[in-house]
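What follows draws every value from the coordinates through simple rules; no lab data is involved. Predicted model only: the values in this text are computed from it and were never measured. Heads up, the Cβs are rebuilt from the backbone with ideal geometry, glycines too, and the neighbour counts pull from every protein chain shown.
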Amino acid sequence: MSLRETDGVAVAAPAPIGLPARSRWFGAIALVALLLACTSLTVGYSLDDHIHRTLLGLGHPIAGLHGGPLDLFGFASGNPADAQLLMDQGIYPWWSDPEVRLHFLRPFASLTHALDALLWPENPVLAHAHSLLWFAASLTAAAFAFRQVAPAPLALLAFALFALDDARGPAVGWIANRGAFVVATFGFVAMGLQARWLARGGRRDRWLAVLAFALALLAGEAAVAIGGYLFAHALFGDSSEHRRRLIGLWPFAAMGLIWAALYAGFGWGASGSDVYLSLSQGLLPFACQLLTNIGVLLLAQIGPFFWSDFWAMVQPQHRPWYLLFVLVCAAPVAWAAVRCWRREAAVRIGVVGLLLALVPIAATMPQDRLLVNAGWGGALAVAVLLRESWLAGWREALAPAWRRWAARAVFVAFGVSHLVLAPPLLALRARSMTTIEGAMARAERSLPAGPGVRDLRVYSLQTAFDPLMVYVPMMRASLGQPTARSMRSLYTGPGAVELVRDGASSLRLRAAGGFLPTEPERMLRSLRRPFTAGDKVLLDGMTAEVLTVLSDGRPREVRFVFDQRLEDPSLRWVTWSGTRFVPVTLPPIGGRLELPAQNVVLALFGRPDEPLPDQELLP
């Protein structure tokens, strides 16, 4: 490995291409990662997979959802007429904002799902195998990019940390998330080609890099993160002048501006949702939430023993402790980066690129499956930390004893987390969607089914978390099964609820902690559109009237008036109990019913060896 001079500082030159022995090591690591991820093959279809199937003409269509082979990621059109249809069916909750918009530009990713529907429409195993192919492609591209910017040993260690990271598990195990690897494949190729062009010249590499970046943008918004790496490399990566490196970004900047103009001009993106951040909530709240999400994702990426998926379940009063943990875990990485910041360009590229790559994914609810692009810089940062803590702990004999022991503790904590525990967890987490599918199976089996269900309206008084009800009709439509006239939750969340029967065809629900208690319930309604007392929502078969609200505009007590008496045989009443829906008998007029708080962990994971409910089949 040779050294080059950059602004008076010696930096490592890019690793030479064509080293068979090292290539075999990269290939062996990639093969291990793929074998571990193969546990996803038997997961089946999950959640949004069913939406994609209906939009591709499989099963029954869902009124109000629109899309096609190049447009499968439009979950909310912003059209009140579409929202009304979906709210009438119960697919949207009754509190949804009719103008909420969740419509994402991902034609390339959509096309891969259309290929599934064309070639193996009823075979989820082959659909998962298709996702594994894109995972393999992204690993190849990641290795190529690592070898362009880092010395060979460091590049190999970073690649192992990236490929075997357990965060790759939930990303590869969900068919609907395949686009993350499509983006990563073309994005990492763009990074590697741009680095090689800056190091060696050659017009072909430059324009192939721009083409790859364009394809990444067409696969998903996550490609914006690749721009962060390109910018970091332009500042720190090559031995040529800063001016040449920065000017070399103009084709990517032009491509990004064209994409952004089309994106905004055609109304793609998210609005009206609290799961997606918006400047409309105010600059300071937006910045605070964005920085919080960046901290949570950073901890999940570099810190030991933390998954960002659980952040939504952390109670607000406990969240400052998690953010303190972020600082504790980030401190060793900062130490390692400062230690060799001027010595190695790869360190600067990895750390700055990681922080920039976290910004776009921090605009939504933190989840490990979003960390594919950020994982590249994160792996490079952790690789540097492991190398430097090894040197400081065992190779620097003149260092004070306390410093050596501290470095050894850091090496053990991060090494065990990323190199010992992560690989088996990758295999386990590649099947993580079986957890939600198990919960969905218990929910679906505990609700009436069969041809006769078409005449029913099914109401849940209390549902532990949102997907347990709203995805049931989409699952049944996707699989060509009869669906009820409507399936609707009156309250969703873990809190206790008090019911009062105040009429022959009406009841009131009061939640002390309020309706819409957590971020997932606010997917389709932002608190920036607060309720006020007296607001009414008119739906097919039901009217919801908000009686009282909390200070943040969330309903506390709501009156529901139905078109029939509550004992009408066309109505079915259920509530969530532990791990499934159970029938509930409503009290007489004037009577009350206390619905206890629900354990979301129990609802999600169930009980060991618990059989599925016996389903009521209506002829």
Checklist outcome for this item: Exposure-ranked with fewest Cβ neighbours within 10 Å first, 166, 205 stand as 205, 166
Item to check | Global form of the range 228-313, assessed from the alpha-carbon gyration tensor, a/c cut-off 1.5 | outcome: oblate
Checklist outcome for this item: Going residue by residue through the range 560-573, the Karplus relation 6.51 cos²θ - 1.76 cosθ + 1.60 with θ = phi - 60° gives ³J(HN,Hα) values, rounded to whole Hz and with x marking Gly or Pro, of 10, 10, 10, 6, 10, 4, 5, 8, 4, x, 7, 10, 10, 10
Next on the checklist: Need one word for the range 458-511: rounded, prolate or oblate. Basis is the Cα gyration tensor (sqrt eigenvalues a ≥ b ≥ c); a/c below 1.5 gives rounded, then a/b vs b/c decides.
Outcome noted: oblate
Checklist entry - If we sort 448-461, 137-150 on the protection proxy, mean other Cβ atoms within 10 Å, highest first, what's the order? => result 137-150, 448-461
Checklist outcome for this item: Between residue 364 and residues 5 or more places away or on another chain, the pairs with built amide H atoms under 5 Å apart involve 277
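Determine the relative contact order of the range 435-605: mean sequence separation of Cα pairs under 8 Å and six or more apart, normalised by residue count, in whole percent. Could the numbers behind the result be given before it?
On the way: 351 pairs, mean separation 49.5, N = 171.
Relative CO of the range 435-605 lands at 29 percent.
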Checklist entry - Amide H neighbours of residue 539 under 5 Å, counting only residues 5+ apart in sequence or on other chains, H built in-plane at 1.01 Å? => result 544
Next on the checklist: Apply the Karplus curve 6.51 cos²θ - 1.76 cosθ + 1.60, θ = phi - 60°, to the phi angles in the range 271-277 and return the couplings in whole Hz, x for Gly and Pro.
Outcome noted: 8, x, 10, 7, 6, 10, 6
Checklist outcome for this item: Length-normalised contact order of the range 408-505, Cα under 8 Å, at least 6 apart, in percent, tallies to 27
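Counting other beta carbons within 10 Å of each residue's own, what order do 134, 402, 576, 307 fall into, fewest first?
Numbers: 134 21, 402 8, 576 26, 307 18.
By the 10 Å Cβ count, ascending: 402, 307, 134, 576.
With +1 on the Cβ of every Lys and Arg and -1 on the Cβ of every Asp and Glu, and nothing else charged, how large is the dipole of the chain about its Cα centre, in debye rounded to the nearest 20?
On the way: 53 positive and 44 negative charges, 407 e Å.
The dipole magnitude comes to about 1960 debye.
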Item to check | Over the chain: helical MRE at 222 nm, DSSP H runs n ≥ 4 each giving -39500 (n - 2.57), nearest 500 | outcome: -15500 deg cm²/dmol
Checklist entry - Quick one: 614, 368, fewest Cβ neighbours within 10 Å first, how do they rank? => result 614, 368
Item to check | Estimated D of the chain in µm² per second, where Rh is the Kirkwood radius over Cα pairs and Stokes-Einstein applies at 4 °C, 1.567 mPa s | outcome: 50
Checklist entry - Relative contact order for the chain: what is it in percent, counting Cα pairs under 8 Å that are at least 6 residues apart? => result 17
Checklist entry - Whole-Hz Karplus ³J(HN,Hα) for the range 440-451, in order, using 6.51 cos²θ - 1.76 cosθ + 1.60 and θ = phi - 60°, x for Gly and Pro? => result 5, 5, 5, 5, 5, 5, 8, 10, x, 9, x, x
